[in-house]
1. Excluding same-chain pairs closer than 8 in sequence, count the lysine pairs in region 2-159 whose Cα atoms lie under 28 Å apart.
2. Just for the chain, what percent of DSSP beta bridges are antiparallel, to the closest 5?
3. If you bin every alpha carbon distance in the chain into 10 Å steps from zero, what whole percent lands in each bin?
4. Expressed as an acute angle from 0 to 90° and rounded to the nearest 10, what is the orientation of the C-alpha long axis of helix 63-74 relative to the principal long axis of the chain?
5. Please report Rg (one decimal) and Dmax (integer) in Å for the Cα set of region 184-254.
6. Rank by packing, highest mean first: peptides 10-17, 194-201, with packing defined as the count of other Cβ atoms within 10 Å averaged across residues.
7. May I ask for the angle, rounded to the nearest 10°, between helix 199-217 and the longest principal axis of the chain, with both axes built from Cα atoms and the value confined to 0 to 90°?
8. Could you give the dipole magnitude of region 2-159 about its Cα centre, charging the beta-carbon of Lys and Arg +1 and that of Asp and Glu -1, in debye to the nearest 20?
Amino acid sequence: MKITILTIFPEMFTPLHESILGRAQKAGLIDIREVDIRSYSKNKHHNTDDAPYGGGAGMVMLAQPIVDAIRDVQGEHFSGKRIYLSPRGRTLTQQMAEELAKEEELILLCGHYEGVDQRALDLCIDEEISIGDYVLTGGELGAMVLVDCVARLIPGVLGCEESAQTESFSSGLLEYPQYTRPRDFEGLTVPEPLLNGNHAHIEDWQISESLYITLRRRPEMAHAWLKGRKFTRHQKKVVDAVFDRIREEDAAQEAPQEE
Ligand SMILES: C[S@@+](CC[C@H](N)C(=O)[O-])C[C@H]1O[C@@H](n2cnc3c(N)ncnc32)[C@H](O)[C@@H]1O
């Protein structure tokens, strides 16, 4: 997959060239490039912004350098998505990341200041995506988040395909707790089912912990996962035990405390 990021701060993107994504690029699995919008400005001083029509605080990014940069990057036979990172876009989810990971090419536009002249978006953008309900100073961090979560879904990038599938949000439940050596750390021990080597027990423990955490933290997600799902008699016992645990904990919390 080829990803081109249009920005006025290309030097901000070193994190995308390190670690797992850095290795994936060396292995030729993805190609991530930053393009400086400023180099497309036809303005005498290479400006990329101007005051907004209608007044108001802040500056607006000019349409011309953005449109020229996108047209140059996409060439004649572009087959992919052109995305503007924007707080008014559709909020990024794991499902959207999975869809985007199937694209051949992505062009990401990072805004700054008050945003981008609407005409650049009308002419050259397919979709606006937000990374959450808050406002950032620029689209660069948003682009990094999007690239990171999409790139790790590209086959071969993680090296271990299963780990992407069993993680939180992919399986429909949040992830169970993870442990590594030592068995005992400051008196806190690794749960017994993970130590006995019985794969059926390990799986039961993982699913019940996942369901428990999801019911506690994201009940709407847990109920969506449970809805319409067919369980074997054994799986039903595991699920029922999680609900019993929650009921018992809640009852203990509500019970009057002894002096
Ligand atoms: C200060 S913001 C502009 C905010 C805009 N005036 C508004 O009120 O919606 C500057 C740039 O940061 C980026 N940005 C801000 N918040 C974002 C978010 N939640 N998700 C993605 N990009 C965001 C966009 O590219 C935006 O053009």
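Bear in mind that the values in this text are calculations on the coordinates, not laboratory data. Quick caveat, the model's predicted, so the values are computed rather than measured. Backbone-built Cβ (ideal geometry, glycine too); neighbour counts: all protein chains shown.
1. Values: K2/K26; K2/K42; K2/K81; K2/K102; K26/K81; K26/K102; K42/K81; K81/K102.
Number of lysine pairs found: 8.
2. On the way: 5 of 27 bridges.
Percentage antiparallel, nearest 5: 20.
3. Reading upward from the zero bin: 6, 23, 25, 19, 14, 9, 3, 0.
4. Its long axis makes an angle of about 70 degrees.
5. 13.8, 42
6. Details: 10-17: 14.9, 194-201: 11.4.
Result, highest mean first: 10-17, 194-201.
7. Taking Cα atoms only, the helix is inclined about 60 degrees.
8. Details: 15 positive and 24 negative charges, 42 e Å.
Charge dipole of region 2-159: 200 debye, to the nearest 20.
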